[in-house]
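A quick write-up on the structure given underneath.
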Amino acid sequence: MDIEQLEAFIYIATTGSFSKAAEILFISQPSISSKIKVLEKDLGFTLFERSGSRVYLSEEGEVFLPYAQEAINNIQRGKFYIKKMNNVFDGEVVISVVFSGANYILPKIIHQFNKKYPKIKLVVYSGHSDQVLGMVLEKEVSVGIVRSIFHPEIDSIQLKQDKMILVFHPDHSLNSTKEVNIKDLSQTPLVLFKQETFDWILINNVFKKAKLTPSIAVEIDSIEGAKQMVRNNIGASFLPNFSVKEELKSKELITLPVTGIPEIHRNFELIFTKGETFDEVTKLFINFLKKFTF
């Protein structure tokens, strides 16, 4: 019995797939199957059962899994603390991040993290919220960074507070007023995120509650794209405050409060599967994020 056999067993158990586990470990499917056969021969029991294309733990596999995980974790912790004793931190952390996070908050995080831990490599995948969530649920990454999401199999830690604000071009007609009410806004061409996105639902609910229908000029699937539309005076938009700080400072964009509606908050959160156990390097990254000043 060796570490590679235990790792193969754990990844098959958590993904429910020999092929998916082989991809994660960068080995062939015959190789991972061979490792499991040797492990099962050593233990004297079958660890997996099949139902169609899905692989499930046998009763013996269910019993063995926490001990295999503990063995791997103990080895990893031992390696980590030997390196820590000598002030040497290395390894790899694999994360997924929503596009807006990759554009606006991740560069600062990586810059500071690399300064503190230059030998730890961050591997980053970016996508829409549902893609980031999917990568976390499928164990393709250790953690994800998204904007306010809920899933029954996910735990989260708030990283950064933010709110959606109304922004428009300096030449927009709204710039002649001191404040905007929801009725006036319903008659203003808007650049909104695509329907069924969480941002769209939040903003649409504001109009729905006021029994009004927004005038939508453009629907788009990215914050950066929406911002460029506003910069070209195609319409006003509700955008995250963090994404327009520079433009507001330089007066390229203008913001005004909207009366009669509650504030719309969309915070950045760190997400991971419930009960997830992390290796020591990933724990180091998570603790760094908890203390990070955005």
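Since every read-out is calculated from the coordinates, none of them should be taken as a lab result. Just so we're clear, the structure is a prediction, and the values are computed from it rather than from any experiment. We place every Cβ from the backbone using ideal geometry, glycine too, and count neighbours over all the protein chains shown.
One table, with the values for the structure above:
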{"quantity": "Per-selection Rg to Rh, region 42-198 - Cα, Kirkwood hydrodynamic radius", "calculated": "1.14"}
{"quantity": "Compactness of region 3-84 - radius of gyration and Dmax, Cα, Å", "calculated": "13.1, 46"}
{"quantity": "Which of Lys35, Lys108 has the fewest Cβ neighbours within 10 Å, and the rest in rising order", "calculated": "Lys108, Lys35"}
{"quantity": "Given Lys37/Lys119; Lys245/Lys290; Lys160/Lys251; Lys115/Lys283; Lys79/Lys160; Lys79/Lys116, the pairs whose alpha carbons are separated by over 29 Å", "calculated": "Lys37/Lys119; Lys79/Lys160"}
{"quantity": "Proximal lysines relative to Lys183, as straight alpha-carbon distance under 24 Å, when same-chain residues fewer than 8 apart are discounted", "calculated": "Lys163, Lys194, Lys208, Lys209, Lys211, Lys227"}
{"quantity": "Pair Ser34, Arg50: separation of 7 Å Cα→Cβ label points (nm)", "calculated": "1.9 nm"}
{"quantity": "Under 5 Å, built H, 5+ apart or other chain: amide partners of Ile154", "calculated": "Lys274"}
{"quantity": "Per residue Cα convex hull volume in Å³ - calculated over the chain", "calculated": "157 Å³"}
{"quantity": "Which of His169, His265, His111 has the fewest Cβ neighbours within 10 Å, and the rest in rising order", "calculated": "His111, His265, His169"}
{"quantity": "Potential extension, Asp184-Thr197 segment - 0.36 nm per residue separation minus Cα distance", "calculated": "2.3 nm"}
{"quantity": "In region 77-171, chymotrypsin sites (Phe, Trp or Tyr not before Pro) in a DSSP loop with at most 11 other beta-carbon atoms within 10 Å", "calculated": "Phe150"}
{"quantity": "Residue (of Ser176, Ile12, His265) at the positive-pole extreme of the chain, dipole from beta-carbon charges", "calculated": "Ser176"}
{"quantity": "Surrounding net charge for Gln5, when Lys and Arg each add one and Asp and Glu each subtract one, Cβ distance under 13 Å", "calculated": "-2"}
{"quantity": "Candidates Thr197, Thr46, Thr177: whichever shows maximal mean-square fluctuation once the chain is modelled as a Gaussian network with Cα springs under 10 Å", "calculated": "Thr177"}
{"quantity": "For region 163-264, size of Cβ-based charge dipole, Lys and Arg +1, Asp and Glu -1, in debye", "calculated": "300 debye"}
{"quantity": "Helix 106-116 vs. the chain, principal-axis angle (Cα, 0 to 90°, nearest 10)", "calculated": "50 degrees"}
{"quantity": "Cα centroid of region 123-146 to Cα centroid of region 29-72, whole Å", "calculated": "26 Å"}
{"quantity": "Label-point separation, Asn73 to Gln131 (7 Å along Cα→Cβ), nm", "calculated": "3.2 nm"}
{"quantity": "For the chain, built as a Gaussian network whose Cα springs stay under 10 Å, the top-fluctuating residue of Ser215, Ser33, Ser53", "calculated": "Ser53"}
{"quantity": "Distance histogram in 5 Å bins (all Cα pairs of region 163-264, percent per bin)", "calculated": "2, 14, 27, 28, 20, 7, 1, 0"}
{"quantity": "Spatial separation of Cα centroids for region 184-221 and region 155-176, in angstrom", "calculated": "14 Å"}
{"quantity": "Crossing angle, helix 29-43 versus the chain [Cα axis fit, 0-90 degrees, rounded to tens]", "calculated": "50 degrees"}
{"quantity": "On Cα atoms only, tilt of 3-15 relative to the major axis of the chain in degrees", "calculated": "40 degrees"}
{"quantity": "Contact order normalised by residue count of region 3-84, Cα under 8 Å, 6+ apart, percent", "calculated": "30 percent"}
{"quantity": "Top positive-direction residue, dipole computed over region 163-264 with Cβ charges, set Ala236, Phe207, Thr255", "calculated": "Phe207"}
